[in-house]
Amino acid sequence: MSEPGPHIRIAAPEDEEALGRLDRATWSTLHAVKPRDQPPYQPFFTERFGPRDHLVAELDGRLVGYVRVGFPTPLDSNTHVRQIQGLAVDETARGRGVGRLLLRAAVGEARRQGARRITLRVLGHNTPARKLYEAEGFVVEGVLPEEFLLAGEYVDDVLMGRSLLP
């Protein structure tokens with residue numbers, strides 16, 4: 001009998017502590033542009049991004065990933081676009097399709113909300129994430145060369161997006 005796959009759902013307020021731990025555990029210069037968080041830790045949910053803006057993945061009864069989907073700007077003229085503003089998968093759950101399912105769920109949620117496009121930003125050296133995004137229909141729409149200085153290396157900021165129209 002095969003193991004049940006990941007279950008994706010909208011985050012709940014009681015997920016905050018587990019999401020904060022996951023976020024800190026998955027921190028890496030492969031994707032993070034801010035320094036590693038230090039205690040005392042800020043709340044995971046903020047005024048800008050609450051539980052409703054996160055889809056979470058559960059596997060074997062524990063939270064193993066999340067994707068944050070929000071508006072790229074506060075402008076009314078931009079409300080037809082959603083942006084993936086965070087994606088993390090616990091190291092123990094990698095290679096099991098969790099990231100792909102979260103990404104597909106984010107696309108589905110953006111469509112459900114009536115969005116026409118979905119975008120994201122990814123660091124140029126994050127090859128695994130870029131391959132996943134490309135496999136799911138995202139294309140490079142722009143590159144900001146050497147936008148970040150991380151661990152002594154200049155890193156490109158790659159802008160990707162895709163249409164949500166049928």
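The values are calculated or read from the model by the stated rules, or taken from the named source; none is laboratory data. For clarity, every value in this text was computed on a predicted model and none was experimentally measured. Cβ sites come from the backbone with ideal geometry, for glycine too, and all protein chains shown count toward neighbours. These area figures cover heavy atoms from the full protein model, side chains too; ligands, DNA and RNA do not enter into them. Shrake-Rupley method; radii C 1.70, N 1.55, O 1.52, S 1.80 Å.
Considering only residues in the range 12-27 that are open to solvent by less than 40 Å² (accessible area, probe 1.4 Å) and in a loop (DSSP other than H, G, I, E, B), the one that is modelled with the highest pLDDT turns out to be ALA12. With respect to (1) charged (D, E, K, R); (2) in a strand (DSSP E or B); (3) over 28 Å from SER77 (Cβ atoms), the lone exception for ARG162 is condition (3).
For first residues located in the range 33-51 and at negative phi, partners that are surrounded by 10 or more Cβ atoms within 10 Å (Cβ to Cβ) and in a loop (DSSP other than H, G, I, E, B) and lie 6+ apart or on another chain with Cβ distances below 7 Å form the pairs ARG36/TRP27; PRO51/ALA11; PRO51/ALA12; PRO51/PHE45.
The single condition among (1) touching a Pro at 6+ places or on another chain (Cβ under 7 Å); (2) over 29 Å from PRO4 (Cβ atoms) that VAL122 does not satisfy is (1).
Quick check, is THR73 assigned to a helix (DSSP H, G or I) and surrounded by fewer than 15 Cβ atoms within 10 Å (Cβ to Cβ)? No. Of the residues making up the range 81-99, one or more are outside any helix (DSSP H, G or I), of a type outside the set (Lys, Arg), in contact with a Gly (Cβ under 8 Å, 6 or more places away or on another chain) and surrounded by fewer than 16 Cβ atoms within 10 Å (Cβ to Cβ). Filtering the range 32-45 for residues that are assigned to a loop (DSSP other than H, G, I, E, B) and aliphatic (A, V, I, L, M) leaves a non-empty set. In the condition set (1) without any contact (Cβ under 8 Å) to a residue 12 or more places away in the chain; (2) open to solvent by 60 Å² or more (accessible area, probe 1.4 Å); (3) not in a loop (DSSP other than H, G, I, E, B), ARG104 is compliant with all but (1). Applying the condition of being part of a strand (DSSP E or B) and of a type in the set (Phe, Trp, Tyr) to the range 130-159 and asking which residue is most open to solvent (accessible area, probe 1.4 Å) yields TYR154. Annotation note: of GLU58, GLU47, the sole residue that is surrounded by 17 or more Cβ atoms within 10 Å (Cβ to Cβ) and farther than 12 Å from GLY86 by Cβ is GLU58.
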